[in-house]
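One structure is given here, and the rest of the page talks about it.
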Amino acid sequence: MQTFFDNIKNRFLEQPPTIAIIICALDVLFFATLLYVAFSFLKKNNAERLVFFIVPFILLGAVLSALKMPDGSVGFPLTGSVISFAVLFAALTIVILFPAETRRSLWKLSSPRESWETFNTKYEVSDEELTAAIEHIVRATQNMAKKNTGALIVIAPEDLPAHILDSGTAVDGKVSNSLIETFFHNKSPLHDGAVVISGNRVIAAGCFLPLSQDRTIDKELGTRHRAAIGITEEYRVFAIIVSEETGVISTASGGKLTRYYDSVMLTDALMQVYGLKAVSSVKRRKK
């Protein structure tokens, strides 16, 4: 270990101090960033135990790579190289073990920062199942819009607080357009509340949401729209609203309401929310 720090000191002596400091700082920053990204990814996917196996190899590889013999040659060239390749192998293993999660993470990275930070992309189902859920949600929304059936659907990539879910009725059913439409039928006891969906499961129905206190909201908008804005102001969720008076489809995210959606626009928005597509920076009409 002493030799490792001696080599770092020698690098400072061989180069002008300012340049050496900048190079070392960038080196450490880049390495720390890689570790943070890798460890965050593993933790999110419930594989944080792998960290305890990877960290020792990384530290050992760094030490062995820095060791030098008295004649200036590398002390453990074979071991250092093997460990370096082992780290690369570990990175490839992560990609192989978590292909869907890796793909969704790449979609997030290609999205605007303020957008891709909004939604968590951890789901325990395949992309095909999520795509099927999106199709059912869009179909249900379109059917209700044609009939002027009021509806409020909350897509929750992250867990909502218990007091919100407990205000409704637990469901835990697979998403389907018929199931969603049943909840909002005007004779259903749950039609006045919100349906909460996580992944491809309906987890609760008839939930009561906090209303937005924003006084700039259009007076024409009713309770459903205020509830959609209110829940997205407080939590990282995406809300879909169908107006009972006009049949207009709107969405809410980050406390902002966007109106006049069609099936293509809604599908595109849900693909982004579910992490199946990069978030678009295109602005639509907001109220």
Exercise. Binning every alpha carbon pair distance of region 159-287 at 10 Å from zero, what are the percents per bin?
Worked result: 12, 44, 38, 6
For this session: Between Ala32 and Asp166, with labels modelled 7 Å along Cα→Cβ, what's the label distance in nm to one decimal, could you check?
Result: 4.1 nm
Problem set entry | Whole-Hz ³J(HN,Hα) from phi, Karplus 6.51 cos²θ - 1.76 cosθ + 1.60, for region 155-169, glycine and proline x | 8, 10, x, 10, 5, 8, x, 4, 5, 7, 5, 5, 6, x, 10
Problem set entry | Computed E for Ser188/Thr246 - FRET, C-beta separation, R0 22 angstrom, nearest 0.05 | 0.55
For this session: Starting from the amide H of Val248, placed 1.01 Å from N in the peptide plane, find each other amide H under 5 Å away whose residue is 5 or more places distant or on another chain.
Result: Ser243
Exercise. For Asp127 and Arg215 in the same chain, what is the full-extension length gain: residue separation times 0.36 nm, less their Cα-Cα distance, in nm?
Worked result: 27.7 nm
Seminar exercise, completed: Given Cβ charges of +1 for Lys and Arg and -1 for Asp and Glu, the option among Leu160, Asn143, Thr131 whose Cα lies farthest towards the positive end of the dipole of region 118-169 is Asn143
For this session: Would you kindly derive the ³J(HN,Hα) couplings of region 187-197 from the backbone phi angles with the Karplus curve 6.51 cos²θ - 1.76 cosθ + 1.60 (θ = phi - 60°), listing them in order in whole Hz, with x for Gly and Pro?
Result: 9, 7, x, 9, 5, 7, x, 9, 8, 10, 10
Exercise. Once you list every other residue whose beta carbon is under 13 Å from the beta carbon of Asn200, what net charge do they have if Lys and Arg are +1 and Asp and Glu are -1?
Worked result: -4
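Values in this text are rule-based calculations from the coordinates and carry no lab data. This is a predicted model, so every value here is computed, not measured. Counting neighbours? That spans all protein chains shown, and the Cβs are built from the backbone with ideal geometry, glycine included.
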